[in-house]
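Notes to accompany the following structure.
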Amino acid sequence: MATSTRPRVVILGAGFGGLATARALAGKADVTVVDRHNYQTFLPLLYQVSTAGLAADHVAHPVRGILNKDGVKFRMGSPISVDHKNKSVKLDSSESLDFDHLVVALGSSTNDFGIPGVAEYGLGMKNVHEAISIRAEIMRRFEDLCRFEDDTRLSISVIGGGPTGVEMAGAIAELVRGPLRNDHKHASEHMDIYLIEAGPRILPMFTEKLSSRAQRDLEKMGVTVKLNTAVQEVKPRSILVKGADSIPSEVTIWAAGVKGEPAGAILNLPLDGTRIDVDPTLAVSHYPYVWAIGDISGAKGKDGRFLPQVAPVALQQGKFVAAQIIRLTTGKALQPFKYRDKGSMATIGRHKAVVQVGKFTMAGIPAWYAWLWLHLFYLLGGSNKIGTMADWTWNYLTFDRGNRHIMDSM
């Protein structure tokens, strides 16, 4: 170790976990954060960019703006190798960073579960670029539909009945029923929205009562919910289903799951499935100076299953690993990580949401307001909070969405 009081810590990834670690170590260690982007993306609201509810820059915040005031260094780049003997990580910028502790917080990537056609024809939702691409694809197909005055239909499918899929399907339904209806009534009435779930119900992490409530809300908004529907293959204009008729789908959005970012092989670290294998202390197995947190971490709960790949896990693990590093620096014993589940929530649309905290459940308008304010609280940057509030207020009062731009690279 370089010094007993100021360990050198390199953090790979500027998501929820990486930034939580960096800020908790500020002033106590020499910290450098590495990320391939110079901004942090607020992933829980990314679907609203996809459906014209928010401007893209309202869910992104400059990393340096977050870290500079804490005295934390930042490097834009991606790791390409780790020298474990000399404790250094090499970046694609050709720079090498020496460390006493390496924190891997690289997040997750889309998991296609080996289903053919997902990578080619499915639209993922893991970054701002993909969100803008979804928005552009929906709007481009809508503009195409506006040319027809016959019974030509446009089908949009969301695969995956978890919170991301449910929120996406609900937001698309509101976009179609509101702004697009005002833009071109005939075209909007010829748009079909499907939510496809392989299991017996949507939102399986919620109670059956809340799942049923969410499904009813979606169906009232015009979404066709298909349960027990296992996708076999994604085609350019349809989805093949096991044991059932194919589903027409000109736009297919994949929200069926994520996997650990495929960086374990690059970093020469042990894997547990697609995640990095860690001890209960969150130190990587056999690598006591390397830590893995967030979506890429193979940490498990009391039930022996992987912890969910959600922001609260990453935030808690980030602060915890910072404390672990300080414990080592001061000669104290490490502690096992214990996740405190503070509940789950999902919004379906205006005045429609579900919240579950332990045995406490809530739905409807109170849940919707709780969802709004909690997401606003965790959103980084004053300008982002103000911009988001302005967009939400405009959407709420006018039933309009002003971000209906086709601005992808095409």
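The table below lists the values:
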{"read-out": "Verdict on THR329 being farther than 30 Å from LEU67 by Cα and surrounded by 14 or more Cβ atoms within 10 Å (Cβ to Cβ)", "value": "no"}
{"read-out": "Residue match in the range 367-375 (condition: assigned to a strand (DSSP E or B) and either over 29 Å from THR281 (Cα atoms) or among the aromatic types (Phe, Trp, Tyr) (or both))", "value": "no"}
{"read-out": "Qualifying residue in the range 337-355 (condition: touching a residue at least 24 places away in the same chain (Cβ under 8 Å), more than 17 Å from the chain's Cα centre (by Cα), outside any helix (DSSP H, G or I) and surrounded by fewer than 14 Cβ atoms within 10 Å (Cβ to Cβ))", "value": "yes"}
{"read-out": "Number of positions in the range 90-144 that are of a type outside the set (A, V, I, L, M, F, W, C), within 25 Å of THR32 (Cβ to Cβ) and crowded, with 22+ Cβ neighbours inside 10 Å", "value": "2"}
{"read-out": "Identity of the residue in the range 47-86, of a type in the set (Lys, Arg) and without any contact (Cβ under 8 Å) to a residue 24 or more places away in the chain, that ends up farthest from ASP30 (Cα to Cα)", "value": "LYS85"}
{"read-out": "Given (1) surrounded by 15 or more Cβ atoms within 10 Å (Cβ to Cβ); (2) without any contact (Cβ under 8 Å) to a residue 12 or more places away in the chain; (3) outside any helix (DSSP H, G or I), number of the condition ARG181 does not satisfy", "value": "(3)"}
{"read-out": "Residue among ALA187, ALA169 that is in a helix (DSSP H, G or I), in contact with a strand residue (DSSP E or B) (Cβ under 7 Å, 6 or more places away or on another chain) and at pLDDT 95 or above", "value": "ALA169"}
{"read-out": "Pairs with Cβ under 7 Å, 6+ apart, first in the range 222-237 and in contact (Cβ under 8 Å) with a residue 24 or more places away in the chain and on the phi > 0 side of the Ramachandran plot, second surrounded by 15 or more Cβ atoms within 10 Å (Cβ to Cβ) and assigned to a strand (DSSP E or B)", "value": "GLY222/ILE193"}
{"read-out": "Hits in the range 216-273 (condition: hydroxyl-bearing (Ser, Thr, Tyr), more than 24 Å from the chain's Cα centre (by Cα) and crowded, with 16+ Cβ neighbours inside 10 Å)", "value": "SER238"}
{"read-out": "Selection from the range 148-201 of residues that are of a type in the set (Ser, Thr, Tyr) and closer than 13 Å to LEU218 by Cβ", "value": "TYR194"}
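The values are calculated or read from the model by the stated rules, or taken from the named source; none is laboratory data. Bear in mind the structure is a predicted one, so any value in this text is a computation, not a measurement. Cβ coordinates were reconstructed from backbone atoms using ideal geometry, including for glycine residues, and neighbour counts include every protein chain displayed.
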